[in-house]
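The values are calculated or read from the model by the stated rules, or taken from the named source; none is laboratory data. Given the structure is predicted, the values throughout are model-derived calculations rather than measurements. When we count neighbours, we look across all protein chains shown, and the Cβ atoms used for this are built from the backbone with ideal geometry, even at glycine. To get the accessible areas, we keep the full protein, side chains included, count just its heavy atoms, and leave off ligands, DNA and RNA. Shrake-Rupley method; radii C 1.70, N 1.55, O 1.52, S 1.80 Å.
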Amino acid sequence: LNDGAAGELSFAPSFSYDSPLSLDSSSNPLERVATANKFFRSLSVSILDGEVVRSPSSPPSDISTVDLRWSVGFNWPTFWSPRVSLSGVSRLKVSSSPTTTTVHEWTDRLSKISDDSSSSLLARVVPQLLPRFWDAYHVGMAPSSELRERHELNHSSFFPKPYKVYEVPATLALKASITDKVGRSARLASVVPDVMFSNIIKTVGPSMEEYVPAGPIQISIGKDEDGDKIEWSVPVPSSFLPAEGGREIVPVGDGGFLDDDDYSYDSDVYVVKDRPSLALEGKRMYATVKFGGSAQDAGIGAARKKLYDAVVQDGYEVETDESGRPRFFFLQNNAKACWTSKGLGMVLYEWRPDFLRTNEVGVELLNRKL
């Protein structure tokens, strides 16, 4: 505000606060966060995006309306310490001077993309508190992951569908791609490429570091002039942006958390053309089917066809790329991307038998039916 010079933040005498995250409508929201930090473990708040909805008109109407998109992550204080993540938008009515920004009204709302999605706090939190089977099975391997937030839309259908439809609010991701010259035989899509890592996490000893796992990892495979283009989208936990005194969403290497080394690489097996980048992915709607295996297994094609035929038959419009191909992707639920304040440090791959089909094949949908 005020050309970036917000100055000191203050609250007007008539300040009002409305939030599903608080029962006290008159309290200072910053004080509420400080209080919550005493109860929850590893509480982090990230501001992902901001927009001036309405600028002030001529005096004396000097109040602006600003929307701030945020994500919150914390560990619930139980012995298995589940990781909970929430996202939403805060609408602030503010006035500013060269030295002070005064907040008159503050309204929080949880992310809600369509009328079918729930905006209830309990509906968002309770499913994340339940113990996850694979965390218990691999006990001691890693903390529970901060999962990408998504809301199932067709769960109330009387006749179960062979697929599930989800909507996803805007999320922050670390993205990278390589070009695979030899095809699925090299299995390059099975692991996150080394260009995405920025540090090494110490997991044992007196200097053991705390880290936050995030998931699932999304993998997309398309085409370019040199072969199969494999793209990774690794979710960024809410603890990352506030770390190290706060950081902005900028391309990695352009003032970001990785250095400015040349990331281009060409071998007989794969080509790296672009450096990784942090990106705010917009709200999405997609459908998935369960799949046992990895992103380049031979059965991927059959799973894609089954999914595509089912969603088209039910009247959904599939999103396509520039060449007219449906935008398919793969969700690797058996991987945990582990982050510290310095960035992505390691990825843990859990053993899960293929017959349980714990991964997913997905396709992007337009936010409507035909």
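For residue 98, state whether it is surrounded by 15 or more Cβ atoms within 10 Å (Cβ to Cβ), assigned to a loop (DSSP other than H, G, I, E, B), out of contact with any helix residue (DSSP H, G or I) (no Cβ under 8 Å at 6 or more places or on another chain) and at pLDDT below 80.
The answer is no for residue 98.
So if I check each of 305, 369, which one is modelled with pLDDT of 95 or more and open to solvent by 30 Å² or more (accessible area, probe 1.4 Å)?
Result: 305 is the single residue among 305, 369 that is modelled with pLDDT of 95 or more and open to solvent by 30 Å² or more (accessible area, probe 1.4 Å).
Condition first: among the β-branched types (Val, Ile, Thr) and in contact with an Asp or Glu (Cβ under 9 Å, 6 or more places away or on another chain). Now tell me which residues in the stretch 66-86 satisfy that.
Scanning the stretch 66-86 gives 66, 84.
In the stretch 148-166, is there at least one residue being assigned to a loop (DSSP other than H, G, I, E, B), at positive phi and among the small types (Gly, Ala, Ser)?
no
Being in a strand (DSSP E or B), modelled with pLDDT of 80 or more, surrounded by 14 or more Cβ atoms within 10 Å (Cβ to Cβ) and within 21 Å of the chain's Cα centre (by Cα) is the requirement here; does residue 66 meet it?
Against the criterion (in a strand (DSSP E or B), modelled with pLDDT of 80 or more, surrounded by 14 or more Cβ atoms within 10 Å (Cβ to Cβ) and within 21 Å of the chain's Cα centre (by Cα)), residue 66 does not qualify.
Determine if the stretch 14-26 includes at least one residue that is open to solvent by less than 40 Å² (accessible area, probe 1.4 Å), at pLDDT below 80 and farther than 28 Å from residue 278 by Cα.
Yes.
Assuming residue 339 fulfils every condition listed in (1) open to solvent by 10 Å² or more (accessible area, probe 1.4 Å); (2) part of a strand (DSSP E or B); (3) at pLDDT 90 or above apart from one, which condition is it?
The single condition residue 339 does not satisfy is (1).
Just give me the residues in the stretch 222-236 being open to solvent by 50 Å² or more (accessible area, probe 1.4 Å) and either closer than 17 Å to residue 304 by Cβ or at pLDDT 90 or above (or both), in sequence order.
Selection gives 223, 229, 231.
Criterion first (modelled with pLDDT under 95, open to solvent by less than 30 Å² (accessible area, probe 1.4 Å) and of a type in the set (Asp, Glu)) does residue 244 satisfy it?
Judged against the criteria, residue 244 is not a match.
Would you point out the residue of the stretch 135-167, among those that are surrounded by fewer than 18 Cβ atoms within 10 Å (Cβ to Cβ) and farther than 30 Å from residue 319 by Cβ, that is modelled with the lowest pLDDT?
139
Could you list all residues from the stretch 170-192 that are open to solvent by less than 20 Å² (accessible area, probe 1.4 Å), part of a loop (DSSP other than H, G, I, E, B) and modelled with pLDDT of 90 or more?
Across the stretch 170-192, the qualifying residue is only 192.
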